[in-house]
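Here is the structure we will look at, set down as structure tokens.
Read the figures in this text as sums done on the coordinates, not as results from a lab. These numbers come from a predicted model, not from an experiment. No Cβ is skipped: glycine too gets one built from the backbone with ideal geometry, and neighbour counts run over all protein chains shown.
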Amino acid sequence: MATLHVLSHSPFADSRLTSCLRLLGSKDALLLCGDATYALTQATAPLEALESRAGAFELYALQEDVHARNLTIPAWVNCVDYPEFVELSIRYDRVNTWL
Amino acid sequence: MAKSLLVISRQAPWSGLSARESLDIVLAGGAFDLPIGLLFMDDGVFQLSQTQGPAAVQQKDLTANLKALEMFGVEDVYACGKSLAERGMFPGNLNINIKQLPQEQDISELIDRYDHVITL
Amino acid sequence: MKFAIAVFSAAHAPSSRRALLFARAVLAGGHEIVRLFFYQDGVYSASANVVVPQDEQDIAVQWQDLVRTHQLDGVVCIAAALRRGVLNEEEALRYQKPAANLSSSWELSGLGQLHDAAQSADRLVCFGGQ
């Protein structure tokens with residue numbers, strides 16, 4: 001059983017990303033949307049935290065949010081649109097949005 | 001078989017309505033005899049403090065609601081050990097009995113046991 | 001697949017819009033939405049009184065349209081709504097409040113409806129916060 005965790009808060013303003021990374025299981029995935037996509041900003045501590053775990057879980061980012069913030073994202077991050085977001089929610093056994 | 005729901009409560013007791021309203025979800029589920037679990041983590045563990053004086057800020061004491069969990073048949077109540085320790089709290093001196101989850105992996109495994117999860 | 005979608009944020013929050021677009025994608029993908037449940041600040045997404053500048057997206061109206069067009073079961077938690085001043089006619093009368101402002105597509109009900117939806121759905125997807 002695997003969980004798709006969804007974050008939407010900026011990692012610079014908030015501790016959700018840190019808390020989430022602490023408990024991400026080996027089969028889990030993380031979808032960054034909204035301000036959480038700022039975690040993909042180059043040469044930042046949040047990106048380093050994600051990079052240190054690269055390969056340990058699937059990392060996704062909502063395309064429209066990456067686009068809106070003009071972010072250049074690493075190749076190992078998968079951008080998804082809404083239909084793909086829906087597919088992800090089906091592929092994983094449950095969706096855990098960090099409200 | 002009924003689907004199970006885990007509610008993860010991450011906010012301190014009187015920081016808006018989050019603590020109150022996450023507890024309401026759990027109690028409603030208990031009232032309907034559904035398999036519900038409740039996990040306190042991050043600032044949510046402050047809800048478990050024995051020495052709360054919410055009247056000083058004209059807030060309701062949620063301890064009574066927490067004590068109602070057992071009455072509503074909600075027995076699977078957990079707290080993140082690390083969140084407690086970080087905040088100077090100990091499983092032995094909380095306002096209700098909880099099952100402590102010492103490692104993050106325990107939380108990950110806990111989430112895996114439920115059909116649905118709501119993290120407030 | 002059957003989805004229950006719960007919204008915890010107001011119409012002006014990016015997460016409410018995100019929930020709306022997700023809901024549309026669920027339907028476009030041929031899946032079913034068993035219920036839309038608005039809780040916490042999500043009750044504001046069901047207000048009929050939101051006035052949005054002309055050059056901005058009116059997400060509350062778009063939610064209203066989605067529920068109507070697809071005849072979805074749109075439920076707003078009554079306890080959360082009362083606290084936040086989103087009332088239908090009945091509640092406005094009951095509590096002697098000056099106005100009813102719940103959009104007509106929505107019904108006020110209890111948290112039991114959230115649990116009922118979670119029981120019927122394969123996936124419960126929540127949106128809220130930012």
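Determine, for A:F85, B:F46, B:F90, C:F37, the number of other Cβ atoms within 10 Å of each Cβ, and report the residues in order from fewest to most.
B:F90, B:F46, A:F85, C:F37
Send over the semi-axes of chain C's equivalent ellipsoid, whole angstrom and largest first, taken as the square roots of 5 times the C-alpha gyration tensor eigenvalues.
Over the Cα atoms of chain C, the semi-axes work out to 23, 18, 12 Å.
What does the charge add up to near B:N97, with Lys and Arg as +1, Asp and Glu as -1, over the other residues with Cβ less than 14 Å from its Cβ?
Taking every Cβ under 14 Å from that of B:N97, the sum is -1.
In the protein assembly as shown, with Lys and Arg counted as +1 and Asp and Glu as -1 at Cβ, which of these residues, A:T72, B:G92, B:A31, has the Cα nearest the positive end of the dipole, that is, farthest along it?
The Cα lying farthest towards the positive end belongs to B:G92.
Rounded to the nearest Å, what's the spacing between the alpha carbon centres of region C:37-69 and region A:9-27? Just the number, please.
First find each Cα centre; the distance between them is then 30 Å.
About its Cα centre, what dipole magnitude does chain A give when the only charges are +1 on Lys and Arg Cβ and -1 on Asp and Glu Cβ, stated in debye to the nearest 20? Don't jump to the answer; show the numbers that get you there.
Values: 7 positive and 12 negative charges, 59 e Å.
Dipole about the Cα centre, nearest 20: 280 debye.
Quick check: net charge around A:W76, other residues with Cβ under 12 Å of its Cβ, Lys/Arg +1 and Asp/Glu -1?
-1
Per-residue mean of other chain beta-carbon atoms within 10 angstrom of the beta-carbon, peptide C:57-70?
The per-residue average across the peptide is 0.
Can you give me the Cα centroid spacing of region B:78-112 and region A:46-85 in angstrom?
31 Å
If you add up the charges near B:S9, with Lys and Arg at +1 and Asp and Glu at -1, over every other residue whose beta carbon is less than 15 angstrom from its beta carbon, what do you get? Before the final figure, lay out each step's value.
Working: positive: A:R16, B:R10, B:R20, B:R87, B:K99; negative: B:E21, B:D24, B:D42, B:D43, B:D76.
My count for the surroundings of B:S9 gives 0.
Could you give the nm distance between label points at B:K60 and B:M1, where each point is 7 Å from its Cα heading toward the beta carbon?
Calculated label separation equals 3.5 nm.
Mind jotting down a quarter of the surface of the convex hull over the alpha carbons of the protein assembly as shown, in square nanometres, one decimal?
Mean orientational projected area (the protein assembly as shown, Cα hull): 18.2 nm².
Could you tell me which residue out of C:L93, C:L72, C:V61 lies farthest along the dipole of region C:54-101 toward its positive end? Charges go on the beta carbon: Lys and Arg +1, Asp and Glu -1, centred on the Cα centre.
Positive-end residue among those listed: C:L93.
Treat every Asp and Glu Cβ in chain C as -1 and every Lys and Arg Cβ as +1, leave all other atoms uncharged, and give the resulting dipole magnitude about the Cα centre to the nearest 20 debye.
Roughly 240 debye, rounded to the nearest 20.
Which shape class applies to region C:21-86: rounded if a/c is under 1.5, otherwise prolate when a/b exceeds b/c and oblate if not, where a ≥ b ≥ c are the square roots of the Cα gyration tensor eigenvalues?
Here region C:21-86 falls in the oblate category.
Arranged from highest to lowest average of other beta-carbon atoms within 10 Å per residue, in what order do the peptides A:32-43, C:14-25 appear?
C:14-25, A:32-43
Could you work out, residue by residue across C:111-120, how many beta carbons of other chains sit within 10 Å of that residue's beta carbon, and then give the average as an integer?
The per-residue average across the peptide is 5.
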